[in-house]
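The values are calculated or read from the model by the stated rules, or taken from the named source; none is laboratory data. Keep in mind it's a predicted model, so treat the numbers as computed, not measured. Reconstructed Cβ throughout: ideal geometry from the backbone, glycine too, with neighbour counts over all protein chains shown. For the accessible areas, the whole protein counts, side chains as well, though only heavy atoms, and no ligand, DNA or RNA atoms are used. Shrake-Rupley method; radii C 1.70, N 1.55, O 1.52, S 1.80 Å.
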Amino acid sequence: MAAAVAQGVSLNHISRESSDIRRLAEFYKEIFGFEEIESPNFGEFKVIWLNLPSTFSMHLIERNPTYQLPEGPWSATSPVADPSHLPRGHHICFSVSNFDSFVQTLKEKGIQTFQRSLPNGKVRQVFFFDPDGNGLEVAGQ
């Protein structure tokens, strides 16, 4: 079996979009014990970041009604294949220690991507879809 492309992989966060992120945050805090942590100010949309101590983070993102992303992978009436919409859509994020070579391999495999960085520039991000249309993000320094 060939060696994996990604190295130093770990789960970074799970993202969920909602038209009412405060309601969703309260649910996850009450039911699962998430703690609200400092969230960046993206300006154009609201976010609430939650953390489950010693486990992982969940980012709740204000839904943009003009995007045609499905509520979930199986609810789309037609495929949406534009990864530039994923920063505000459903996606799972993994952290890797070899960000540049990882992104290069995605490109070599013909996988359409969208890249950006957090507003402070400290974390680089690449967004893409898996073969079933689920949104993915990989973050690196």
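Determine the pairs where a residue that is within 27 Å of Phe56 (Cα to Cα) and in contact (Cβ under 8 Å) with a residue 40 or more places away in the chain, located within region 94-111, has a partner that is in a loop (DSSP other than H, G, I, E, B) and open to solvent by less than 20 Å² (accessible area, probe 1.4 Å) with Cβ atoms under 6 Å apart, the partner being 6 or more residues away or on another chain.
Phe102/Val96
Take Ser57 and tell me if it is among the hydroxyl-bearing types (Ser, Thr, Tyr), modelled with pLDDT of 85 or more and under 15 Å from Phe128 (Cα atoms).
In short, no.
Considering only residues of region 26-54 that are open to solvent by 60 Å² or more (accessible area, probe 1.4 Å) and aromatic (Phe, Trp, Tyr), which is nearest to Arg88 (Cα to Cα)?
Among those residues, the one meeting the criterion is Phe27.
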